[in-house]
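A.B. asks: Please find one structure pasted underneath; my questions will follow.
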Amino acid sequence: MSAFLTVLYPVSFLIVLSLVVIVHEFGHFFAARLSGVKVDEFSLGFGKILWSRQDKKGTTWKVCLIPLGGYVKMFGDADAASATADESAREFTEEEKKISFPHQSLPVKAFISVAGPAMNYVFAIVLLTVFLSIFGMVVVPPVISEVAKGSAAEQAGLLKNDRFISINGDKIEEFSDVRRHVQLDGVLNIVVLRDGAEVPLTARLSAEKGGAVLGVQALMAADHFKPLNVGQAFVESVKEAWETTVDTLIVLKRILLGQRSADDMRGPLGIAEASGDAARGGFVSFALFLVQVSIGIGLVNLLPVPVLDGGHLLFYAAEGVIRRPIGEKTQTVALNIGLALLLCLLIVTSWNDIVRIFTRLFR
C-alpha cells in the first residue's frame with residue numbers, strides 16, 4: 001500500500017467519525033439549550049484535553065487526544081451517558097433544578113435524548129438533498145445487459161435483455177430495486193419480461209465476502225440521468241433515509257432470528273476500510289458514504305439497548321407507565337447488560353473486519 005493510501009484511510013475515517021459524532025452530540029446540545037438545560041461539557045474525543053474553552057453560558061468545549069467519539073455532559077448528570085444523576089443533584093436549589101437534566105420532565109428528557117439520532121437523520125437528508133439538487137440522480141431501467149458466468153443469475157435462467165417485473169411479490173421499477181432485494185433476501189422469486197411474455201424464475205444467491213451476489217449488470221446510458229429541483233431532491237432524500245432504515249432493521253431482525261449470517265456486519269475497522277474506499281472514489285462517493293454512516297449511527301442509537309439513546313427512551317417509557325423512577329439497581333444491571341451486548345457486537349464485527357481485510361490484502 002502506498003504512503004498516500006496509508007494516510008488516506010485513517011484520515012478519511014477520522015473525518016467521517018468526527019463529523020457524524022459532532023452532528024449527533026450537537027443534536028443533544030441544541031435540544032438541551034432549547035429546553036433550558038445547562039450543558040457542562042461538549043467534547044470531541046476522549047482522554048487528554050488538547051484544547052478547551054468555556055462559553056458565556058458555562059459550557060466547556062473540548063477537543064481530546066483520542067478522536068473516537070465524543071459526548072455532551074449536562075448539568076446534574078454523574079457522567080456523560082446521562083444514565084445516573086450526580087449525588088449532589090439531590091441538594092440542588094429550585095433554581096438549579098430548573099437547569100438540571102435529572103429534574104426535567106419525562107417529555108423533555110425524551111426530547112433531548114432523541115435529538116441526537118434525529119440530528120443524524122436531518123444531517124443525512126440535508127446533505128443528500130444538496131447533492132441530488134446539484135448533481136441529479138441516475139435512474140437505471142431494470143433490464144439485464146450482462147449475466148456473469150457461473151453466477152446465481154445464470155443458474156436461475158436469467159438472460160441478457162430480460163426486464164425485471166417483480167421480485168418476491170414487490171414491483172421492480174428501476175435497477176436499484178433489484179440491488180435492494182439482493183442485499184436483503186437469500187432467495188429471489190423473480191418474474192421477468194422476455195419477448196413480450198412474463199417468465200417466473202427462482203434465484204438462490206451465492207454468498208461472497210462483501211455480501212450476496214446475483215451476477216447481473218445493467219446498461220448505463222446518458223438518458224438515464226434525471227435532474228432534480230430542491231423539492232424533488234428532498235423527497236428522494238427522505239425516501240432514501242426511510243428505505244435505508246427499514247432495510248437495516250430487516251437485516252438486524254434476520255440476524256437475530258438466525259436467518260442470516262452476521263458476517264457482513266462492520267465494526268470500526270470495517271468502517272475505516274469503507275471510509276478509505278469511499279474517499280478513493282472521490283468527493284461524490286465520500287459524501288454518499290457519509291450520508292449512509294450518519295443514518296446508520298442515528299438508527300443504532302435509537303435501538304432499545306441500555307447505554308444508547310434508545311435505552312434511555314425505554315427507561316423513560318417504563319417510568320411513564322409505572323409512574324415512578326426506575327430503581328438505581330435495576331438501571332445498573334440493565335446498563336451492564338447493555339455494555340456487555342455492545343462489547344460482544346464489537347468483538348464479532350471486529351473479527352469480521354479482520355478476516356475481510358486480511359483476505360483482501362493477501363488474496
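The values are calculated or read from the model by the stated rules, or taken from the named source; none is laboratory data. It should be emphasised that the depicted structure is a prediction, and the values quoted were computed from it without experimental measurement. Cβ sites come from the backbone with ideal geometry, for glycine too, and all protein chains shown count toward neighbours.
A.B. asks: Does PHE286 satisfy being assigned to a helix (DSSP H, G or I) and either modelled with pLDDT under 85 or small (Gly, Ala, Ser) (or both)? First the steps, then the outcome.
C.D. replies: On the way: assigned to a helix (DSSP H, G or I): yes; either modelled with pLDDT under 85 or small (Gly, Ala, Ser) (or both): no.
The answer is no for PHE286.
One line per residue, one yes/no per condition, for (1) closer than 30 Å to GLU95 by Cβ; (2) surrounded by fewer than 17 Cβ atoms within 10 Å (Cβ to Cβ); (3) in the same structural domain as LEU299 (by TED's automatic domain parsing); (4) under 26 Å from the mean Cα position of the chain (by Cα):
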residue	(1), (2), (3), (4)
VAL11	no, yes, no, yes
PHE26	yes, no, no, yes
ARG33	yes, yes, no, yes
GLY45	no, no, no, yes
ARG53	yes, yes, no, no
VAL72	yes, no, no, yes
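A.B. asks: Let me ask another. Taking segment 300-353 as the region of interest, how many residues are more than 24 Å from the chain's Cα centre (by Cα), β-branched (Val, Ile, Thr) and part of a helix (DSSP H, G or I)?
C.D. replies: 5
A.B. asks: So if I check each of PHE175, PHE123, which one is farther than 30 Å from ARG204 by Cα and surrounded by 20 or more Cβ atoms within 10 Å (Cβ to Cβ)?
C.D. replies: Values: PHE175 fails: farther than 30 Å from ARG204 by Cα.
That would be PHE123, the only listed residue that is farther than 30 Å from ARG204 by Cα and surrounded by 20 or more Cβ atoms within 10 Å (Cβ to Cβ).
A.B. asks: Another question, then. Checking SER105 against (1) without any contact (Cβ under 8 Å) to a residue 12 or more places away in the chain; (2) within 26 Å of ALA233 (Cβ to Cβ), which single condition isn't satisfied?
C.D. replies: The number of the failed condition is (2).
A.B. asks: Another question, if that's okay. Can you run down the residue pairs with Cβ atoms below 9 Å, 6 or more apart or on separate chains, where the first is in segment 17-38 and closer than 22 Å to LYS98 by Cβ and the partner is of a type in the set (Asp, Glu) and surrounded by 23 or more Cβ atoms within 10 Å (Cβ to Cβ)?
C.D. replies: That search, which allows pairs on different chains as well, returns HIS28/ASP309.
A.B. asks: Something else: If THR349 passes every condition in (1) closer than 23 Å to GLY27 by Cβ; (2) touching a residue at least 60 places away in the same chain (Cβ under 8 Å) but one, which one does it miss?
C.D. replies: Of everything listed in (1) closer than 23 Å to GLY27 by Cβ; (2) touching a residue at least 60 places away in the same chain (Cβ under 8 Å), THR349 misses just condition (1).
A.B. asks: Which one of LYS160, LYS149 is outside any helix (DSSP H, G or I), among the basic types (Lys, Arg) and either touching a residue at least 24 places away in the same chain (Cβ under 8 Å) or farther than 25 Å from ASP264 by Cα (or both)? Walk me through how you get there before you give the answer.
C.D. replies: On the way: LYS149 fails: either touching a residue at least 24 places away in the same chain (Cβ under 8 Å) or farther than 25 Å from ASP264 by Cα (or both).
Selected residue: LYS160, the only one of LYS160, LYS149 that is outside any helix (DSSP H, G or I), among the basic types (Lys, Arg) and either touching a residue at least 24 places away in the same chain (Cβ under 8 Å) or farther than 25 Å from ASP264 by Cα (or both).
A.B. asks: Further question: Which residues, taken from segment 178-205, are assigned to a helix (DSSP H, G or I), within 15 Å of ASP264 (Cβ to Cβ) and of a type outside the set (D, E, K, R)? Lay out the reasoning, then the answer.
C.D. replies: From segment 178-205, those assigned to a helix (DSSP H, G or I) are 178-184; that's our starting set.
Filter again for within 15 Å of ASP264 (Cβ to Cβ), leaving 179-180, 182-184.
Answer for segment 178-205, where residues must be assigned to a helix (DSSP H, G or I), within 15 Å of ASP264 (Cβ to Cβ) and of a type outside the set (D, E, K, R): VAL182, GLN183, LEU184.
A.B. asks: In segment 153-162, is there at least one residue being of a type outside the set (D, E, K, R) and touching a Gly at 6+ places or on another chain (Cβ under 6 Å)?
C.D. replies: Within segment 153-162, the first condition is being of a type outside the set (D, E, K, R), and the residues that meet it are 153, 155-159, 161.
Then keep just the ones that are touching a Gly at 6+ places or on another chain (Cβ under 6 Å); that gives 153.
Within segment 153-162, one or more residues are of a type outside the set (D, E, K, R) and touching a Gly at 6+ places or on another chain (Cβ under 6 Å).
A.B. asks: Moving on to the next point. Show the residue pairs meeting these rules: Cβ distance below 6 Å; 6+ apart or different chains; first residue within segment 282-294 and assigned by TED's automatic domain parsing to the domain that holds LEU127; second residue in a helix (DSSP H, G or I) and of a type in the set (Val, Ile, Thr).
C.D. replies: Listed pairs, sorted by first residue: LEU290/VAL16; VAL293/VAL16; VAL293/VAL20; SER294/VAL20.
A.B. asks: OK, next. In segment 112-134, what residues are aromatic (Phe, Trp, Tyr) and either closer than 18 Å to VAL300 by Cβ or outside the structural domain of SER285 (by TED's automatic domain parsing) (or both)? Even if it seems obvious, please write down each step before you answer.
C.D. replies: Step one: of segment 112-134, the residues aromatic (Phe, Trp, Tyr) are 121, 123, 131.
Residues satisfying the conditions are TYR121, PHE123.
A.B. asks: Let me ask you something else. Could you list all residues from segment 210-267 that are under 21 Å from the mean Cα position of the chain (by Cα), modelled with pLDDT under 80, surrounded by fewer than 15 Cβ atoms within 10 Å (Cβ to Cβ) and not in a strand (DSSP E or B)?
C.D. replies: Hits for segment 210-267 are GLY210, SER261.
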